[in-house]
Amino acid sequence: MSGLAEPMVALELESSEPPEPDYAALYEQYYTLMVSIAIRKFHICESEAEALAHEVFLDFLTKGAGIEDQRGWLVGAMCNASRYYLRRRARAEPLPETYAQAPDPSLARVLEMWPDQLAAREAIGKTTARCQLVLRLRYFEGYSVPELATELRITKKYASKLVSECLRQAYRRYVRRETPPKGET
Amino acid sequence: MKPGREEFLRTARLLEDERKVARPIVRTLGTSLDAVWDREIPAAWKTAGFVHELTSAARDLLKNDARATVAMAQFAVVVAASLPAGKYPRAIQVQLEGGAWKELANAHRYLSEYDAALRALDAADRCLSVVDGLGFDRAVSRFARALVLSDQGRNNEALKLVDDCVADFEEHADRRRQAQCLQLRGMIESRGGQYRKAVATYERALIVLDDADDDYTRACLKNNLGQAYGELSDTGSALASLQEALALFEKLQAAGEMARTGWGVGRVLLAGGSYDQAVQMLSGARRDLLKLALPEEAGLAGLDLADAFLATGETAAAREAVEEVVAEFRAAGLNQRALLALDYLRDVLPTPRARAAVRHVRTYINELRTSPNQVFLELDQE
């Protein structure tokens, strides 16, 4: 009996919103437990354990109402976060002993780079929502022009034109803000 | 009071207030999103609550209008990226942006735009990888990727991700998502013809789901389990499972799923030799699928119906069913290749090979849904 209808997959459909939990009470109830899990089970120092617990609680905020087993979720998330933290830390290389004497090469041009980066972000923030999407996809997420065209359902030629237009728009709006109106010094 | 606790409670209040303000605006945006693209994002919209509401709205739209979901999720991505620096804790900002990317990926997947879906998931992962405490969101994103990969037929990669996700969701005590992961595993096994394995996986998923308040996932699992039993020619178990699924979908008023499950029941009855009941069930399912404007699936159910008629020697009724399918396919402007195959079927219907031809054409039209350029070969040419 082959060729039955395609099996069904339950998407992550969230049902109508249940009431928000009492976050203050949950924080009081589980914070110490969570910090102690990170310290005792994963041997993470207290300040880092507190930071991890804080992050987990913040994540909980964005989905709290949809979580059935709050204690289970918080404890599980804390274990998961602790392991992720340890894995990330294990990948980090220690600084050489002489690091304090030699300047970090990545910071050599920092005084020139930071204003440029900040200006770029500010300029993009001044453009229309469409241009923000275009510039973000192209320059922050590394989409190629054909990929950008697919994402926006436009032709490659138009995608390329749109990128140029958006760059011009960002420049114009940024310069306009920088240039004082006539009559001002 | 610890500073962490203070910040947490302040953020909770802020989010709640912002969401209340954003909700009516986002509701109206659903119908007028086109207008907002060509202007600057209003400062009042650059809030975490607004992004949260946008992402929820995008998710709610998915089943009815995936294209609108793409636009809304893209807008959520842009607003999330433009939240004022320092106003929210980093974990919140990153989670919201990652969530918007994930929703965008889901919508692309729904539209079978798999490469775009994977690119959006790459962006979500990049985003979520920078905060240790977002393990749950990373697992959700991994599961979304597993769904895309399984749709692309990259089953081994999908299964590996599914197993990781099962462990992660188990750790987070999230039975619903754990069951959904197992459901995907069962589907992959089913597609690979490993029906016994699939039955075991679906049953395990039902045990995991236990008494969790999620009848939709339970109904999908029962439906899939019934289909897998059907493939194993275990008609009794198949019908029992499918009937349970049908009852649950009815309770949820999920019309599309009810029609599809009814169609499944009809096919199991057909395979089990209960032709009269099969005719009754398939006719009803076909009618419902047409009502839901699903001509392709209604057409396939029509061919099953023709098969059932042929089994009872009602050639005229079978011919009528095929003619109806041809007319519907033509009216809906479906793949021309399907029409060619149906023309062939019309010619073969009066011959003794009619049933084999019906099944052959049905299989072909079903395969056209995923390989629209596949060439039709008549029975003898195969």
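The values are calculated or read from the model by the stated rules, or taken from the named source; none is laboratory data. From a predicted model like this one, the values you see are computed outputs, not experimental measurements. Ideal geometry is used to build each Cβ from the backbone, glycine not excepted, and the neighbour counts take in all protein chains shown. Just so you know, the surface numbers come from the protein's heavy atoms only, side chains and all, with ligands and any DNA or RNA stripped out. Shrake-Rupley method; radii C 1.70, N 1.55, O 1.52, S 1.80 Å.
Chain B has equivalent-ellipsoid semi-axes of 45, 24, 18 Å, by the square roots of 5 times the alpha carbon gyration tensor eigenvalues, sorted largest first. Taking θ as phi - 60° and the Karplus parameters 6.51, -1.76 and 1.60, the scalar couplings of the range B:166-176 work out to 4, 5, 5, 5, 5, 4, 8, 6, 9, 5, 4 Hz in sequence order, x denoting glycine and proline. Only aspartates and glutamates eight or more places from A:LYS157 in sequence, or on another chain, were considered; those with a Cα closer than 19 Å are A:GLU147, A:GLU165. The simple Förster model, with R0 at 51 Å and r as the Cβ-Cβ distance, assigns B:ALA200 and B:ASP38 a FRET efficiency of 0.40. With a cut-off of 15 Å on the backbone N, the residues of the range A:65-86 near the modelled label site 7 Å out from B:ALA212 along Cα-Cβ are A:66-74, A:76-77. Over all Cα atoms in the range B:38-77, the spread is summed up by Rg and Dmax: 10.5, 31 Å.
For the protein assembly as shown, the convex hull drawn through the C-alpha positions has a volume of 196 cubic angstrom per residue.
Its Cα gyration tensor gives the range B:175-257 an equivalent ellipsoid, and the semi-axes of that ellipsoid, as √(5λ) in whole Å with the largest first, are 19, 16, 10. Report summary: the helix-based calculation at 222 nm, which adds -39500 (n - 2.57) for every DSSP H run with n ≥ 4 and divides by the residues of chain B, gives -26500 deg cm²/dmol.
With a 10 Å cut-off around each Cβ of A:122-132, the average count of Cβ atoms from other chains is 5. The convex hull of the Cα atoms of the range B:262-351, projected and averaged over all directions, covers 5.2 nm². Using the alpha carbons alone, the radius of gyration of the range B:209-319 stands to its Kirkwood radius in an Rg to Rh ratio of 1.00. In the range B:1-152, inverting the average of 1/r over every pair of distinct C-alpha atoms gives 15.8 Å as the Kirkwood radius. Return the FRET efficiency for the residue pair B:SER112, A:LYS157: r is the Cβ-Cβ distance, R0 is 22 Å, and the value is rounded to the nearest 0.05. The calculated FRET efficiency here is 0.35. Buried accessible surface for the B/A pair, both sides summed and rounded to the nearest 100, is 6900 Å² with a 1.4 Å probe. Pairs of Lys residues in chain B are counted when their Cα atoms are under 21 angstrom apart and they lie 8 or more places apart or on different chains; the count is 14. Note that the range B:332-338 has calculated 3J(HN,Hα) couplings of 7, x, 6, 3, 4, 4, 5 Hz, one per residue in order, obtained from phi through the Karplus relation 6.51 cos²θ - 1.76 cosθ + 1.60 (θ = phi - 60°); glycine and proline are x. Stokes-Einstein diffusion for the range B:63-187, with the hydrodynamic radius set to the Kirkwood value over Cα pairs and evaluated at 10 °C in a medium of 1.306 mPa s, equals 107 µm²/s.
In summary, the range B:315-382 shows an alpha-carbon radius of gyration equal to 1.05 times the 2.2 N^0.38 Å reference for compact globular proteins. Within the full protein context, the accessible area of B:SER237 is estimated at about 40 Å² for a probe radius of 1.4 Å. Working from Cα pairs under 8 Å separated by at least six residues, relative contact order for the range B:124-210 is 22 percent. Note on A:43-56: average number of Cβ atoms from other chains within 10 Å of each residue's Cβ is 3.
Diagonalise the Cα gyration tensor of the range B:126-167 and give the resulting equivalent ellipsoid semi-axes, square root of 5 times each eigenvalue, largest first, whole Å.
That gives 21, 10, 7 Å for the three semi-axes.
Probing with 1.4 Å while keeping every protein chain in the model, the per residue accessible area of the protein assembly as shown equals 47 Å².
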